[in-house]
Structures are given as structure tokens and as C-alpha cells.
Amino acid sequence: MKKIILAAALLSATALTAAAQTTAPATTAPATSTDGNTPAVATPETKNPTAPVEGANSFTEEQAKTRIEEAGYSDVKDLKKDDKGIWMASGMKDGKSVMIAMDYQGNVVAK
């Protein structure tokens, strides 16, 4: 009898936990913070103000180059990932030569 009551209590707790979880609507962009604690991937509507953020970067070289170009940079070259997980490159934006950094969240910034 104790096992049945324990199993029922455990099942109830699991069901309540699952019911309490909610998901944000797809149109809601995650909020940024100044401490670097933002979602793993930046969206076009968001940018981490502390970018570039150090961390394990899973973007491939081709994905990083594409994302940098989509951010408005051209002539992207010498793309290399440093020991902090930041993709670094040189390129052009608005007719100026710039150094570019892209972090694991997908934030692209000129340095």
C-alpha cells in the first residue's frame, strides 16, 4: 500500500511540474542582459550588449562567415576561431576596413 501511495505522489508531482512549464510565443524575442546570460543563439531582434561573449562556439567556419556577411560585412577573410571561442575576421563595412568578431551566441560586432 505504501508503494502505491508513493508512486501516486511521485506521478502527481511529475504531472504538476510538467503543467507548470510554459513556453514563450515564437514571436517574443528573448531579452538581453548586461551580464552575458542570454540565450545560446542571438536572434536578429536581439543583441547581447556584452558581445562578443566567450564560450564554446559550435558555429562552423562557413556558418560564421555566412552570419557575418548577413550582418552587412563584405570581403570577409582570415576567419579563425580563437581560444575563447570567438570567430575573428577582417572585412569591410560601409567602405571601411574593420576587424569582426562573432561569438557563440551569433552576435556579430566590429572591433
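Just so you know, all these numbers are worked out from the coordinates, no wet-lab data involved. Not measured: the values here are computed from a predicted model. All Cβ positions, glycine included, derive from the backbone under ideal geometry; neighbour counts span all protein chains shown.
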### Task
Just tell me which aspartates and glutamates come within less than 19 Å, Cα to Cα, of K96; anything on the same chain fewer than 8 places away is out.
E69, E70, D75, D78
### Message
Show me, for the stretch 83-89, the HN-Hα J-couplings you get by feeding each phi into the Karplus relation (A = 6.51, B = -1.76, C = 1.60, θ = phi - 60°), rounded to Hz, glycine and proline as x.
### Response
6, 9, x, 9, 6, 10, 7
### Summary
A student applying the Cα gyration tensor rule (rounded when a/c is under 1.5; otherwise prolate if a/b is larger than b/c, oblate if not) would label the stretch 46-91 oblate
### Task
Report the label-to-label distance for V98 and E69 in nanometres (one decimal), using points 7 Å from each Cα along the Cα→Cβ vector.
1.8 nm
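Give, in nm to one decimal, the length gained when the segment between K77 and A56 is fully stretched (0.36 nm per residue of separation minus the Cα-Cα distance).
On the way: separation 21, 0.36 × 21 = 7.56 nm, distance 2.17 nm.
Value of the extension gain: 5.4 nm.
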